[in-house]
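Notes for the one structure printed next.
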Amino acid sequence: MRDLDELALAMPEATKAVSEDGRPSYLVRGKAFCLQRGRRADAVDPETGERLDDVLMFRVDGADAKELVLADPRGIFFTTPHFDGYAAVLIRIRDLAQLDRGELRDAVVDAWLTRAPKRVAKAWLSENEPDG
């Protein structure tokens, strides 16, 4: 989570809000690109049936990007019926350790790009992407 915090807040105009119960949300101009969800009936531990309290949501760039992320062979990304038709994927905080820092950075950048103003995103990409 320390890496997520650092990477998310390194993005232009990114801010962090923390709920009363300590769950972080990362936003750009008030729009969330990554957040920790509260306990919901649609995400339960398969072994205990308990509602999960360690689920992060990352925005993705549409249905095709979502399917690509969900196809990760490690099986760490998932979705729930609540997210059908919604451009986002879920991952448990405990599974972040299976991502190397570069993969986590890519997830953060991709999520941020879905919410950042076009002008801000274009400027960031021109300075940070190898093609730019």
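If Lys and Arg each add +1 and Asp and Glu each add -1, what is the summed charge of the other residues whose beta carbon sits under 14 Å from the beta carbon of Ala88?
0
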Backbone HN-Hα couplings from phi across segment 49-56 [Karplus 6.51/-1.76/1.60, Hz, Gly and Pro as x]: x, 6, 5, 6, 10, 10, 9, 9
Residue-span extension gain [Glu47 to Asp84] - 0.36 nm each, minus C-alpha spacing: 11.0 nm
Segment 1-53 versus segment 64-132: alpha-carbon centroid distance in Å: 13
Kirkwood hydrodynamic radius for segment 1-113: how many Å is it when counted over pairs of different Cα atoms? 14.3
Each label point is 7 Å from the Cα along the Cα-to-Cβ direction; what then is the distance between the points at Asp72 and Arg119, in nm? 3.4
Protection proxy ranking of 70-81, 85-96 - average other beta-carbon atoms within 10 Å, highest first: 85-96, 70-81
Based on the mean of other Cβ atoms within 10 Å per residue, sort peptides 13-23, 59-69 so the most packed one is first. 59-69, 13-23
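Here, each number is a calculation from the coordinates, and none is a lab measurement. None of the values given here were measured: they were computed from a predicted structure. Please note: Cβ atoms are built from the backbone with ideal geometry, for glycine as well, and neighbour counts cover all protein chains shown.
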